[in-house]
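Here is the structure we will look at, set down as structure tokens.
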Amino acid sequence: MRRGSCPAGALIAVAAAWVLAGAAHAQAQVDTPPPPPVSPPPPITQPQPGPAQPFSIGLSETLTHDSNFFRTSTNEEAEWTSVTALNFGLDQMFGRQRLHGNAALQMNRYKEHDELNNTGHDVALQLDWETAGDLSGVLGAQSIRRQYRFGLDSATPLDDARNIESTQSGYFQGRLGGMGEWALLVGANALDRGYSNATFAADNDLSQWSGEGGIGYKPSPDLGGQLLARYTRISRPDTSFYDDSSRKDLELGVFWQASGASRFDVRLTRSEEKHAVLADRSFWTGGIGWDWAPSGKLRLRTQVLRDIEGGSGNVATPEATMPAVPAGDQLRDAFIWSAQWAATAKINVIGGVQWSRRKLSQLLEVGGGHLSDRTTAVTLGVQYSPARALDLGCNIASERRDSNAVSIADLALTRDYDALAAGCTFQFWFR
């Protein structure tokens with residue numbers, strides 16, 4: 001039994017997650033408050049949420065192989081993993097209200113590194129609420145327990161490779177305005193994340209809360225926007241690299257439904273950050289997205305982004321996440337392209353490409369400049385549903401990272417690597 005640094009959990013296939021899950025999150029309507037910062041979606045080879053039914057229960061089995069399990073530059077180790085899961089789906093209407101959610105109870109097994117064997121879960125519940133007047137919104141919560149995925153947020157090695165990440169989050173969004181042109185928007189969310197490995201937890205445990213408010217304007221069904229003011233507070237241990245911080249954002253978002261097949265969304269944000277240890281700063285972020293459905297069987301999504309996301313090139317996280325380096329302490333420029341093709345009534349082909357460049361810690365400089373890395377990911381997956389209650393899926397994913405890391409301190413945040421992974425999932429639903 002060998003031990004290594006923190007693993008990639010469910011493998012490089014996490015790079016393909018944005019292809020499936022991103023369609024729901026990255027295409028969120030800009031005339032409603034943005035989604036809360038939840039954990040990255042599961043890998044493409046993980047069981048997908050069940051079909052819209054009042055109640056569903058399912059069993060699934062996922063096998064994946066990763067050529068570079070620990071995301072190292074040399075001495076790469078391959079690994080097989082197995083995820084056996086009991087899955088639940090809920091979708092129930094109560095008058096004007098809708099309660100829906102998903103749950104997965106997982107047993108994770110590793111062939112070469114059985115010291116990493118663990119049980120985990122991913123439980124999420126959301127209430128879409130609406131009054132008889134002009135009030136509407138959402139209220140939700142999520143709990144995740146899983147093995148920390150090596151390379152997702154940090155390259156810091158651990159003496160004890162087993163490191164369970166536990167995340168609890170809750171969020172609220174409200175809208176006053178009904179179907180009128182003008183609306184008042186409010187929102188709040190909170191997140192708490194901890195790790196079982198004491199060494200890793202000392203620098204990476206965090207808690208966050210934020211609140212926002214603003215106005216929305218929708219002069220026609222095809223054109224609208226919103227202006228939001230947001231305050232975020234993140235608490236973490238004050239060490240040489242990790243500090244408490246707060247951020248003020250002013251965000252403008254606009255969407256335009258150009259035609260029945262084409263939709264554009266634009267976001268521009270001005271942020272001001274204050275840190276307990278690092279230097280205070282101000283910066284601009286934003287993005288442009290284009291959804292295009294040239295036919296009833298083909299859907300394409302293109303994004304150009306500049307943001308403060310964390311993660312392994314952030315290939316798995318189109319929505320806001322909590323990075324393991326200080327929030328706002330890294331900037332990312334990214335290009336994301338994904339496609340979904342319904343080859344037949346039972347076969348879907350899903351693929352995508354992503355390129356991203358991150359600027360990392362303000363405290364770590366290389367040759368007079370900031371530490372940075374570039375990540376390229378290519379994914380391709382096929383999902384086959386031979387029966388209403390049966391889903392089969394396989395995918396392959398390739399990821400490459402290049403960085404200017406030189407010193408040991410640099411390598412604590414990023415490093416060069418290549419990885420190739422493939423996986424398949426079998427899932428059966430009882431309804």
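FYI, it's all coordinate maths here, none of it is from the lab. Predicted, not measured: the structure shown is a model, and the values here were computed from it. When we count neighbours, we look across all protein chains shown, and the Cβ atoms used for this are built from the backbone with ideal geometry, even at glycine.
Amide H contacts of N68: L420, each under 5 Å away and 5 or more positions distant or on a separate chain (H built 1.01 Å from N in the peptide plane; Pro and chain starts excluded). The local environment of D333, defined by Cβ-Cβ distances under 9 Å, has a net charge of +4 under the rule Lys, Arg +1 and Asp, Glu -1. Each label point was placed 7 Å from the Cα along the Cα-to-Cβ direction; for Q257 and V406 their separation is 5.4 nm. How would you classify the stretch 233-308 from its alpha-carbon gyration tensor, with a ≥ b ≥ c the square roots of the eigenvalues: rounded for a/c under 1.5, else prolate if a/b is greater than b/c, otherwise oblate? It is prolate, given that a/c is not under 1.5 and a/b is the larger ratio. A cut-off of 5 Å between modelled amide H atoms, ignoring neighbours fewer than 5 places along the same chain, links D244 with R236, A276, V277.
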